[in-house]
Amino acid sequence: MHRMAGVGHVGGNLSALDAMMLVHHEFLTEADRFVLSKGHAAGALYVTLWSRGLIAEAELDTFHADGTRLPGHPPAGHPAGRGLPGIRFGTGSLGHGLSLAGGLALAARLQGRQNRVFCLTSDGEWQEGSTLEALIFCAHRRLSNLTILIDHNRLQGFGTTGEVASLDPIGRALSGFAVEIREADGHDLADMRRALVPGTDQPVVVVLHTVKGHGVPAIEGRLDSHYLPLTEEQVREAMLGSDILGNGETA
């Protein structure tokens with residue numbers, strides 16, 4: 001999708017894809033809600049919705065194209081009523097998703113509903129005051145139906161998170177709030193399953209230790225995977241390495 005569209009952000013999509021797939025396929029019920037705060041991982045969200053049969057495969061070819069329902073960041077809806085299933089908010093600007101998820105979690109409580117709310121954030125957006133203010137609200141309200149996932153790949157647009165504005169270790173930095181901190185390997189399904197079980201009487205924050213560009217050796221852990229699209233050769237190597245082409249070859 002990213003190669004055909006000629007756009008970047010593929011590194012942050014790949015770091016978040018495992019967690020997004022797991023949440024949607026094993027934890028998210030019809031009553032639950034998911035908010036993608038790191039909106040530049042929209043490609044991974046669209047593929048996840050496709051894997052659940054909610055987006056037609058042919059529509060994935062329209063990613064980032066004019067008039068598409070699948071823009072580079074999740075859309076809030078569409079003026080012609082062609083909104084996407086499971087996407088309630090536009091999350092183009094980072095730092096707003098947790099506030100929206102907190103509102104959903106509080107609304108569910110006030111309405112007496114038992115559903116869970118999942119919010120996937122980047123690690124870089126925790127440098128923003130709006131995200132920390134949202135956590136204050138969620139902790140104060142003891143929104144135990146809220147699970148916050150942090151895609152902790154340690155890279156953002158202009159460097160490592162440690163270089164730009166360090167919160168390391170981020171779990172300890174957030175542990176002063178009235179939340180339950182958990183940590184997991186963001187590419188290990190069993191480890192994430194353990195971390196995503198419902199909490200007790202507090203919001204749960206799951207720090208997912210991930211690798212930017214996961215699964216594509218040419219861009220793994222590289223800053224330029226934040227913006228640059230893959231070359232044709234990198235795409236082919238990635239597909240061969242995972243045997244997506246189905247010919248038994250390995251990279």
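The values are calculated or read from the model by the stated rules, or taken from the named source; none is laboratory data. Remember, it's a predicted structure, so these values are computed and weren't measured experimentally. Note that each Cβ is placed from the backbone with ideal geometry, even for glycine, and that neighbours are counted across all protein chains shown. For accessibility, only protein heavy atoms count, side chains too; no ligands or nucleic acids. Shrake-Rupley method; radii C 1.70, N 1.55, O 1.52, S 1.80 Å.
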Charge tally for neighbours of Gly213 with beta carbon under 10 Å away, counting Lys, Arg as +1 and Asp, Glu as -1, is 0
Computed, not fitted: 222 nm per-residue ellipticity of the chain from DSSP H runs ≥ 4 (each -39500 (n - 2.57)), nearest 500, equal to -9000 deg cm²/dmol
Here the net charge surrounding Gly162, from other residues whose Cβ is less than 11 Å away from its Cβ (Lys, Arg +1; Asp, Glu -1), is -2
Sorted largest first, the C-alpha extents of region 92-191 along its principal axes in whole angstrom are 43, 32, 28
So the pair-distance distribution of region 110-251, from every Cα-Cα distance in 10 Å bins, comes to percents of 11, 34, 29, 17, 8, 1
Quick shape check on region 140-207: root eigenvalues a ≥ b ≥ c of the Cα gyration tensor, a/c under 1.5 is rounded, otherwise prolate if a/b tops b/c, else oblate, and it reads oblate
Using the Cα gyration tensor of the chain, the equivalent ellipsoid's semi-axes, largest first and to the nearest Å, work out to 29, 21, 17
Toy charge model, Lys and Arg Cβ at +1, Asp and Glu Cβ at -1: the chain dipole around Cα centroid in debye, rounded to 20, equals 1000 debye
Given a 1.4 Å probe, the accessible area of region 1-55 per residue, as a whole number of Å², is 33 Å²
Long-range amide H partners of Gly186, meaning residues 5 or more apart or on another chain whose placed amide H is closer than 5 Å, are His209, Thr210
With T = 20 °C, eta = 1.002 mPa s and Kirkwood Rh from C-alpha pairs, the Stokes-Einstein D of region 1-57 in µm²/s is about 180 µm²/s
Mean Cβ-within-10 Å packing, highest first, puts peptides 49-61, 179-191 in the order 179-191, 49-61
For region 33-93, the percent of accessible surface on carbon and sulfur atoms (probe 1.4 angstrom, ligands and nucleic acids excluded) is 52 percent
The chain: relative contact order from alpha carbon pairs under 8 Å, six or more residues apart, as a whole percent, is 23 percent
Total charge of the residues flanking Ser93 in space, meaning their Cβ is under 12 Å from its Cβ, with Lys and Arg +1 and Asp and Glu -1, is -1
Checking Thr160, Thr121, Thr29 against a Gaussian network model of the chain (alpha-carbon springs below 10 Å), the top fluctuating residue turns out to be Thr29
Rounded to a whole %, the carbon-and-sulfur portion of the accessible area of region 117-206 at a 1.4 Å probe is 53 percent
For the chain, whose charge dipole is built from +1 on Lys and Arg Cβ atoms and -1 on Asp and Glu Cβ atoms, the candidate among Ala44, Pro229, Pro74 with its Cα farthest towards the positive end is Pro74
For the chain, the charge dipole (Cβ of Lys, Arg +1; Cβ of Asp, Glu -1; about the Cα centre) points to a positive end, and the Cα of Val7, Pro198, Val164 closest to that extreme belongs to Pro198
Rounded to the nearest whole number, the Stokes-Einstein translational diffusion coefficient of region 7-107 at 4 °C and 1.567 mPa s (Kirkwood radius, C-alpha pairs) in µm²/s is 93 µm²/s
Note on the chain, DSSP bridge orientation, antiparallel percent to nearest 5 equals 10 percent
Using alpha carbon centers only, region 166-241 is separated from region 36-65 by a whole-angstrom value of 19 Å
